[in-house]
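A.B. asks: Please find one structure pasted underneath; my questions will follow.
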Amino acid sequence: MKGIFVALISLLSFTGFGQPTMFVDKTLVKIGDQVRATIKTDVTGGREWTNINEVWPDSLKGVEVVSGPIIDSQNPLSFQVSWMVSIFDTGWVKLPPLPVVILSNGKTDTFFTNDVPINVLKVEPDSAGLADLKEIYFEPFSPGYYKKYIPHILFFLLLIGGLIYWLRQGKSKQIVDEPTPIPLLPHEWALNALDELAAKKLWQGGEVKEHYSELTSILREYLERRYDIHAKEQTSDEILAQLHHLQLKPELLADTEELISIADLIKFAKADPGMNIHTAAIERVRSFVLETLPQDQSEVEESPKETEEDDVE
């Protein structure tokens with residue numbers, strides 16, 4: 001008897017629960033418009049709505065849930081939850097009854113809302129209709145249209161011309177015919193080389209061997225330039241043999257032979273003939289050069305000396 005009484009009490013509690021109702025903000029819309037659908041129920045007395053997020057089915061023909069749920073629980077006697085839905089069908093479309101699951105006293109029960117009919121109007125096309133596509137219009141050619149580009153073209157041409165002129169001027173400055181140096185005569189080269197050797201002062205610094213090596217190199221180079229013999233590639237004896245065939249003055253030939261012998265002794269035997277020999281060595285080669293000048297050059301070399309002697313007198 002007691003169990004029957006408890007069951008009746010539970011049945012009365014659920015029966016007394018207010019039926020959830022659904023309503024919309026508008027019932028006449030155009031296709032694609034959004035409608036606010038709201039479900040109102042009573043959650044007083046410790047009741048809890050447990051399926052708020054699963055009220056709407058996943059697929060509903062012609063109806064799409066855009067946003068929600070939006071809960072309004074300010075009035076405890078009027079708990080409301082809203083969704084924004086779009087309707088993509090025309091004519092009378094019914095929002096179907098939706099399940100509302102209520103938890104009360106540890107037990108759940110499912111209630112269904114009422115359905116809501118909505119009249120959805122289709123979008124009528126413009127009374128004028130869509131006009132046919134027109135053919136592409138090609139504007140006729142007009143030279144005046146390009147007048148605005150003339151200053152830019154002239155500026156561009158002037159810029160290119162100035163660049164070409166500048167490049168040509170730069171090249172003409174770079175390409176300058178350098179004067180071809182006049183080759184020195186054999187005696188001129190030898191005298192300059194002797195002056196440079198004297199300025200080095202090699203033997204004064206203890207470099208006696210180097211001094212005589214350069215001195216004999218100058219003599220050999222002069223012989224090649226003056227008499228066209230391969231003195232650089234010959235030994236001292238071969239050079240002296242060549243000099244005997246040149247019909248030089250005997251005293252000049254003897255002096256040169258002595259100088260070459262002294263140079264060989266210093267270079268190869270490390271002999272030291274004394275400072276007087278070192279001092280006179282360059283002058284002996286210089287005398288050999290002056291004594292072996294060609295006839296015309298000899299006259300030119302002697303004329304300044306005669307002029308200096310006349311000035312002294």
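A.B. asks: Determine the sum of side-chain charges near Asp237: Lys and Arg each +1, Asp and Glu each -1, restricted to other residues whose C-beta is under 12 angstrom from that of Asp237.
C.D. replies: -3
A.B. asks: Next question, about the same structure. Peptides 39-49, 148-158: what's the order by average Cβ count within 10 Å, highest mean first? Present the calculation step by step, with values, prior to reporting the outcome.
C.D. replies: Details: 39-49: 15.7, 148-158: 9.6.
By packing density, highest mean first, the sequence is 39-49, 148-158.
A.B. asks: Answer with one residue from Val116, Val65, Ser82: the one whose Cα lies farthest towards the positive end of the charge dipole of segment 16-121, charges on Cβ with Lys, Arg +1 and Asp, Glu -1.
C.D. replies: Final value for the positive-end residue is Val116.
A.B. asks: Now for a separate question. Just to be sure I follow: if Rg is taken over the C-alpha atoms of segment 186-300 and Rh is the Kirkwood radius over the same atoms, what is Rg/Rh?
C.D. replies: My calculation puts Rg/Rh at 0.95.
A.B. asks: Something else about it: With θ set to phi - 60° and the Karplus curve 6.51 cos²θ - 1.76 cosθ + 1.60, what are the ³J(HN,Hα) couplings of segment 47-63 in order, to the nearest whole Hz, using x for Gly and Pro?
C.D. replies: Ordered by residue, 3J(HN,Hα) equals 6, 9, 8, 9, 10, 4, 7, 10, 5, 7, x, 5, 10, 9, 4, x, 10 Hz.
A.B. asks: So, one more: Find the Cα radius of gyration of segment 16-121, compare it with 2.2 N^0.38 Å by division, and give the number to two decimals.
C.D. replies: Details: Rg = 14.2 Å, N = 106, 2.2 N^0.38 = 12.9 Å.
So the Cα radius of gyration is 1.10 times the expected 2.2 N^0.38 Å.
A.B. asks: From the phi of every residue in segment 25-33, what ³J(HN,Hα) in whole Hz does the Karplus formula 6.51 cos²θ - 1.76 cosθ + 1.60 yield, where θ is phi - 60° and glycine or proline is x?
C.D. replies: Whole-Hz 3J(HN,Hα) from phi for segment 25-33: 7, 7, 10, 10, 9, 9, 4, x, 5.
A.B. asks: So who's got an amide H within less than 5 Å of the one on Phe112, skipping anything under 5 residues away but keeping other chains? H placed 1.01 Å off N, in plane.
C.D. replies: Sorted by chain and number, the residues that satisfy this are Val100.
A.B. asks: Name the long-range amide H neighbours of Leu95: under 5 Å, sequence gap of 5 or more, or other chain; modelled H, no Pro or chain starts.
C.D. replies: Val116, Ile118
Every number in this text was worked out from the coordinates using simple rules, so none of it is lab data. This one's a predicted model, so the numbers in the text were calculated from it and none came from an experiment. Backbone-built Cβ (ideal geometry, glycine too); neighbour counts: all protein chains shown.
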